[in-house]
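Since the structure comes first, as structure tokens, the remarks are kept for the end.
The values are calculated or read from the model by the stated rules, or taken from the named source; none is laboratory data. This is a predicted model, so every value here is computed, not measured. Ideal geometry is used to build each Cβ from the backbone, glycine not excepted, and the neighbour counts take in all protein chains shown. Calculation scope for accessible area: heavy atoms of the full protein, side chains included, ligands and nucleic acids excluded. Shrake-Rupley method; radii C 1.70, N 1.55, O 1.52, S 1.80 Å.
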Amino acid sequence: MDLQLHGKRILVTGASRGLGYAVAQVLAQEGARLAINARHAETIAEAAARLRAATGAEVHPIPGDVSQAPDATAVVEQAQDALGGLDGLVTNAGGPPPGRFEDFDDATWFRAFELAFLFHVRLIRAALPALRASDLGSVVAITSISAKQPIQNLVLSNTMRAAAVALIKTLALELGPEGLRFNAVLPGWTRTERVTELLAYRAQQKGTTVEDEMAAQARASALGRMGEPEELGRAVAFLLSPAAAYLTGVLLPVEGGSYKGLC
Ligand code: NAD
């Protein structure tokens, strides 16, 4: 199937590594024109250079901390300037720290709110005029399967992801009449550096090893393995694309059957 992404102008935030980078890689392979973001200028420039070398795609690196209001707006403006508009936006960033309810004070909750929820609001708000001007305006938010099934020791993430999917569903309803589409992907355990860090924390808490925890997590999915970042990247590319023109308000789990509920 041709996803018809060739030449489409797309901003992917949180894209120097992990899921965001994998999304950018799939989009670049599909011939999209990209702006990619992460906090540090050098790191995101290196990621852009790697993508250009591997795919020949047009990739603009845009540094900025999307959890901060001025940066979130500036990143969107710079992406629009570099690409001459925007057809798509992928909202992604790092996750909040692991821990239990009693570990966190208000300041940490506010930081998690900005990093895992409010950044979606700020990026989408800034991008709306450009998305409205496109024939294909489409947003995909990267959230987590924890929006459906909370994960142990991740109270900050669990809480913010639920709010994020509620936001996406609401935007789909509010702005669907204008032809804009809003979808979310809910990744399960996917092999990235953040996951290695989280499983190291869990191993330390339980007195096991990272390898033990990775094997246990793999066994918890119906497919018996963790996901690969490219598998999540392909799902995002499909949802963004004109091939998914009748899909909006979809909260798509990409988790190899580790979620055990009915809906
Ligand atoms: P990661 O830490 O490997 O990568 C995060 C990327 O975002 C990096 O490029 C980092 O530089 C960038 N980033 C972090 N904070 C940023 C900020 N404030 N502004 C701009 N860029 C920022 O994480 P990942 O595993 O790729 O996960 C991406 C998101 O998906 C996270 O929110 C994570 O919690 C969530 N998630 C991941 C998994 C998984 O299994 N990997 C599962 C569920 C949810």
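Tabulated results
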read-out: Long-range amide H partners of LEU252 with built H, under 5 Å; value: ALA184, VAL185, LEU186
read-out: On Cα atoms only, tilt of 69-83 relative to the major axis of the chain in degrees; value: 50 degrees
read-out: Prolate/oblate/rounded call for segment 120-263, Cα gyration tensor, a/c under 1.5 rounded; value: prolate
read-out: Net charge of neighbours whose Cβ lies under 15 Å from the Cβ of ILE62, counting Lys and Arg as +1 and Asp and Glu as -1; value: -2
read-out: Dipole axis of segment 100-188 (+1 Lys, Arg; -1 Asp, Glu on Cβ), positive-most option in LEU136, PHE113, LEU156; value: LEU136
read-out: Among beta bridges that DSSP assigns inside the chain, antiparallel share in %, nearest 5; value: 0 percent
read-out: Between helix 193-206 and the chain: long-axis angle, C-alpha atoms, 0 to 90°, nearest 10; value: 10 degrees
read-out: Local electrostatic count at SER146 - Lys and Arg +1, Asp and Glu -1, tallied over other residues with Cβ under 11 Å; value: +1
read-out: Most mobile of GLY56, GLY227, GLY18 in a GNM of the chain (Cα contacts under 10 Å); value: GLY56
read-out: Enclosed volume per residue, in Å³, of the convex hull spanned by Cα atoms of segment 120-192; value: 97 Å³
read-out: Relative contact order of the chain, defined on C-alpha pairs under 8 angstrom at six or more residues apart (%); value: 20 percent
read-out: Solvent exposure of segment 30-121 as accessible area per residue, Å², 1.4 Å probe; value: 46 Å²
read-out: Mean Cβ count within 10 Å, highest first, over the residues of peptides 20-28, 62-70; value: 20-28, 62-70
read-out: For segment 91-142 and segment 67-89, distance of Cα centres in Å; value: 14 Å
read-out: Cα-based helix-to-principal-axis angle, 18-29 vs the chain, degrees rounded to 10; value: 30 degrees
read-out: The chain, accessible surface, carbon-and-sulfur percent (1.4 angstrom probe); value: 54 percent
read-out: Candidate lysines for bridging to LYS260, where Cα separation is under 23 Å - those fewer than 8 sequence places away on the same chain excluded; value: LYS148, LYS169
read-out: Dimensionless Rg/Rh of segment 25-82 - Kirkwood Rh, Rg from C-alpha atoms; value: 0.99
read-out: Size of the chain as Cα extents on the principal axes (Å, biggest first); value: 52, 41, 38
